[in-house]
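A.B. asks: Following this message is one structure expressed as structure tokens.
The values are calculated or read from the model by the stated rules, or taken from the named source; none is laboratory data. Just so it is clear, the model here is predicted, and its values are computed rather than measured. Ideal geometry is used to build each Cβ from the backbone, glycine not excepted, and the neighbour counts take in all protein chains shown.
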């Protein structure tokens, strides 16, 4: 089946405390976002990438695409006001039956194995949402007090969140809602059952400076 990856890279560097957005920072001499792109290109020879970037970084995006292993399989669109609108802009480029991955551009340690497992489950169940168990103790605020939460019932959700096109394209036809924290919540709000799949602990999201250091160490072990 035709495959698309909508890779969303909307960061502006605020939490990294840098003038360079995290997706363009170097990880072992290569931009973070380029690590992500090249992994998806390797996963399937027929996969097409739709790269979603903020308007101020359009030129950097064009230059980055030229560095990818197969630039001809990548097109770029500009993002929107929220993640929902950015993903929606990317999905507008797809008008055929397909399997669609939606991935955080700064989850640069995603593996080809996870991408393929998400694809295979999506063919069977319609979607695949990777997640990992929560290891930390968790407490929930209730007014001025906290109470412990049973972490055995919690999952930390990752990407690529993967769907058959008929599910995700129609789901993103809904009006925006602040409760839409990821693609799974959008699909669930449209009435679709969500199916989890085992994620990878190393599939971290680069958000803070320490995350980049951790990613450097993990990538050297791969």
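A.B. asks: Looking only at segment 159-186, filter to residues that are under 15 Å from the mean Cα position of the chain (by Cα) and outside any loop (DSSP other than H, G, I, E, B); which one of those is surrounded by the fewest Cβ atoms within 10 Å (Cβ to Cβ)?
C.D. replies: Ranking the qualifying residues of segment 159-186, first place goes to 185.
A.B. asks: Look at segment 199-217 and say how many of its residues are surrounded by 14 or more Cβ atoms within 10 Å (Cβ to Cβ) and either closer than 20 Å to residue 117 by Cβ or modelled with pLDDT of 95 or more (or both).
C.D. replies: Total meeting the criteria: 6.
A.B. asks: Would you call residue 72 assigned to a helix (DSSP H, G or I), buried (at least 20 other Cβ atoms within 10 Å of the Cβ) and modelled with pLDDT of 95 or more?
C.D. replies: Judged against the criteria, residue 72 is not a match.
A.B. asks: Using the structure shown, decide if residue 95 is under 23 Å from residue 170 (Cβ atoms) and free of Cβ contacts under 8 Å to residues at least 12 places away in the same chain.
C.D. replies: Judged against the criteria, residue 95 is a match.
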